[in-house]
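*Asks:* The structure's right below; bear with me while I get my questions together.
Just so it is clear, none of the values below were taken in a lab; they were calculated from the coordinates. Here the structure is a predicted model, which is why all the values come from computation and not from measurement.
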Amino acid sequence: MTRTTFSLFCLLISLALAGCSQTENKPAEAPAASTTATPAASSAATPAGEAGPNAPEDVVQVSAPPVDITVGGAAEATVRLKIANGYHINGNPASKFQIATALEVASAEDITAAQPVYPPSVKKTFEFSKEPIVIYEGEAVIKQPLRAGATASKGSHSLRAKLRIQPCDNKVCFPPRTLDVSLPVNVK
């Protein structure tokens with residue numbers, strides 16, 4: 001073997017080894033999300049509440065526009081859910097063995113929250129369920145009644161809320177998750 005051939009052979013071996021050492025199985029990065037709910041899709045059904053693959057973080061986007069309320073008065077906050085195409089979340093009340101979508105708002109600064117009013121759901125049958133289940137898909141709006149007490153301070157407030165959802169696609173339900181939500185309230 002000539003010196004040039006030997007050098008070329010060593011260079012090719014070095015390149016091959018360098019390429020192999022840098023090859024990794026890196027998971028794809030999930031898109032950035034605001035207040036949202038994300039997966040490696042699986043064809044096997046995961047029963048509600050059991051661990052399994054995770055749904056993408058951006059499956060559910062949540063927004064809550066500011067609501068005005070007077071001292072001693074009542075108002076209704078709106079929590080809008082935008083559910084990605086190809087996914088759904090369980091309705092409230094949920095079907096048997098499903099985890100219901102649930103909003104829990106913490107009272108603060110003499111602003112109290114009553115029971116949320118959930119939108120009507122639709123019934124559909126999926127590969128993972130023999131019976132139709134009640135779901136929300138596309139967009140859903142939860143109405144949250146609020147009351148400002150006589151001692152509520154005027155100005156801008158932010159009520160902390162937790163939204164529990166269980167995202168599913170047409171084949172599998174993913175583990176439930178809880179999203180942090182902020183309800184902006186202007187007391188006048």
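*Asks:* Contour minus end-to-end for GLU127 and ASN170, with contour as 0.36 nm per residue of separation and end-to-end as the Cα-Cα distance? If you can, show how the numbers build up before the last one.
*Replies:* Values: separation 43, 0.36 × 43 = 15.48 nm, distance 0.64 nm.
That works out to 14.8 nm of additional length.
*Asks:* Which entries in the list LYS123/LYS143; LYS82/LYS154; LYS82/LYS171 go over 26 Å, if you measure between the two C-alpha atoms of each? All intermediate terms of the calculation are to be shown ahead of the outcome.
*Replies:* Numbers: LYS123/LYS143 21 Å; LYS82/LYS154 31 Å; LYS82/LYS171 20 Å.
The pairs that break the limit, which is 26 Å between Cα atoms, are LYS82/LYS154.
*Asks:* What are the ³J(HN,Hα) values, in whole Hz, obtained from phi via the Karplus relation 6.51 cos²θ - 1.76 cosθ + 1.60 with θ = phi - 60°, for each residue of segment 171-188 in sequence order, with x given for Gly and Pro?
*Replies:* Going residue by residue, I get 10, 8, 9, 9, x, x, 9, 10, 9, 7, 10, 10, 9, x, 10, 9, 8, 10 Hz, with x marking Gly and Pro.
*Asks:* On to the next question. From the phi of every residue in segment 162-169, what ³J(HN,Hα) in whole Hz does the Karplus formula 6.51 cos²θ - 1.76 cosθ + 1.60 yield, where θ is phi - 60° and glycine or proline is x?
*Replies:* Working through the residues one at a time gives 10, 10, 9, 9, 10, x, 9, 10 Hz.
*Asks:* Assuming 0.36 nm per residue, please report the length gained on full extension of the stretch GLU76 to SER156 beyond their Cα-Cα distance.
*Replies:* Details: separation 80, 0.36 × 80 = 28.80 nm, distance 1.57 nm.
Result: 27.2 nm gained on full extension.
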